[in-house]
1. Conditions: (1) over 27 Å from residue 370 (Cα atoms); (2) part of a helix (DSSP H, G or I); (3) charged (D, E, K, R). Residue 235 meets all but one. Number of the miss?
2. Working only within segment 244-281, note down all residues that are assigned to a loop (DSSP other than H, G, I, E, B) and either open to solvent by less than 40 Å² (accessible area, probe 1.4 Å) or in contact (Cβ under 8 Å) with a residue 24 or more places away in the chain (or both).
3. Out of 53, 74, which single residue is among the acidic types (Asp, Glu) and more than 15 Å from residue 10 (Cα to Cα)?
4. Quick check, is residue 354 surrounded by fewer than 20 Cβ atoms within 10 Å (Cβ to Cβ) and assigned to a helix (DSSP H, G or I)?
5. Taking segment 204-232, which residues are in a helix (DSSP H, G or I) and in contact (Cβ under 8 Å) with a residue 40 or more places away in the chain?
6. Specify the residue that is modelled with the lowest pLDDT; the eligible residues are those in segment 46-60 that are touching a helix residue (DSSP H, G or I) at 6+ places or on another chain (Cβ under 6 Å) and open to solvent by 30 Å² or more (accessible area, probe 1.4 Å).
7. Open to solvent by less than 70 Å² (accessible area, probe 1.4 Å), modelled with pLDDT under 75 and closer than 24 Å to residue 264 by Cα: does that describe residue 391?
Amino acid sequence: MSSSQKANFSLVIYISRTKTKKNGEVPVLMKININGERVVMQLQRSVHPDTWDSKKARVGGRTNEARDLNNYIDAVITKTRQKYTELIMLNDTVSPQMLRDAVLGINSAKPKMILEIWEDHIAGMRKLIGKETSAATCQKYTTAKNHFATFLKLKYRTNDVSIKAIDHYMISQFAMYLKTERGCNYNTTNKFLQNFKRITCQCMRHGWLMKDPFGNISLSMKEVDRPYLTEEELKRLMEFRSPIDRLIRVRDFFIFSCFTGLAYIDVKQLKRNEIEGSPKVGYWIRTKRQKTSARANIPLLNVPIQIIQKYSDLELLQDDDPVIPILTNQKMNAYLKELSDMCNISKNLSFHIARHTFATTITMMNGVPIESVSKMLGHKNIKSTQHYARIVDQKVGDDMDLLSQKIGSRLSLSF
């Protein structure tokens, strides 16, 4: 603690003449001033204003009551100064609120530990699952916290550290640990650091941390390829036949996502009341994405309708009944790898590739405007959809080849 902060610390004892009690007495207060900030603390004592000596900030007279109250005030001042000395030994900055809490014995005056705060944040998130957050998001915060806890044990030989200890060096070392010891790639590392940063930002909002330790650290993401199935690969998968029921089911559910753009969790949670329409006017899926809570409105083509009819009878389902009896995500991805080998698809097939396939091969490659694709995917920002637009350069090239053939014979340059 700097000497300038010590010099700007003061305590003022006074009475509040505007809050007179029925017996005519007024409360005794103490104002804590630290570097221009102040907070008022009630001393839980009251006096008659006529007996108060404003210059001495004490009760006048020689009565036992006056002596007892003055001794109490002296004890509070002594305790406050002692607590201030203790706090400046543990913290870079001490606020009047922290000092008041320390005098009153409130835990907020103790050093704030990062993992305790992180765990409290996760506990709050768990209560909001299904309302403002999701189980998947909660799990990401938990994984990031667990990685940081292991890092602290290995690097610092401790189970937790004060938020005051979080600095640029510690964050850089944690990033290195994620990339080397945990084998995380660039984007995954930055996602974990983003979770970490949200916790430190929360600390700053509460006044527990004065400076942003992530101030000069960039957490931007690198553009990555989004794998998808070509029309030929998709056709190969759709024509796949097998006596093994589980493989056919996995194929059907994957194809359903290829033609709707729904992520695994959205397929799993798809309810009967989210499918509107009839055979005459056509069917729509009108749902809310679990990941972002954004609306997704998807007109159903013949293929997904056929898959629904294969596994469900819409007329018999109740509003909250699931439509697709999908397997667990783990089993889906395991069996998809088996399917890709059988269909001679060299790509590392996972369920999420179906969503990418919908965005590219099914829609954009067939001329569906990017604004429509964005609505069906349930993107809140069209920038998220533009990532797929870069993939369809092949279609632009094919379209220009057709254009060249059409006008080449009619428009030519003479030399």
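1. (1)
2. Within segment 244-281, 259, 260, 261, 262, 263, 269, 270 qualify.
3. Working: 74 fails: more than 15 Å from residue 10 (Cα to Cα).
Just one listed residue meets the conditions, 53.
4. Details: surrounded by fewer than 20 Cβ atoms within 10 Å (Cβ to Cβ): no; assigned to a helix (DSSP H, G or I): yes.
For residue 354, the condition - surrounded by fewer than 20 Cβ atoms within 10 Å (Cβ to Cβ) and assigned to a helix (DSSP H, G or I) - is not met.
5. Filtering segment 204-232 down to residues in a helix (DSSP H, G or I) leaves 204-205, 231-232.
Passing the criteria: only 231.
6. 60
7. On the way: open to solvent by less than 70 Å² (accessible area, probe 1.4 Å): yes; modelled with pLDDT under 75: yes; closer than 24 Å to residue 264 by Cα: yes.
The answer is yes for residue 391.
So that you can scan it fast, the table gives a plain yes or no per residue for (1) surrounded by fewer than 15 Cβ atoms within 10 Å (Cβ to Cβ); (2) within 42 Å of the chain's Cα centre (by Cα):
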position: 9; (1), (2): no, yes
position: 26; (1), (2): no, no
position: 30; (1), (2): no, yes
position: 37; (1), (2): yes, yes
position: 40; (1), (2): yes, yes
position: 67; (1), (2): yes, no
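The values are calculated or read from the model by the stated rules, or taken from the named source; none is laboratory data. Values in this document were obtained by computation on a predicted structure and should not be read as measured data. With ideal geometry, Cβ positions are generated from the backbone for all residues, glycine too; neighbour counts draw on all protein chains shown. Please note that ligands, DNA and RNA were not included when accessible areas were found on the heavy atoms of the full protein model with its side chains. Shrake-Rupley method; radii C 1.70, N 1.55, O 1.52, S 1.80 Å.
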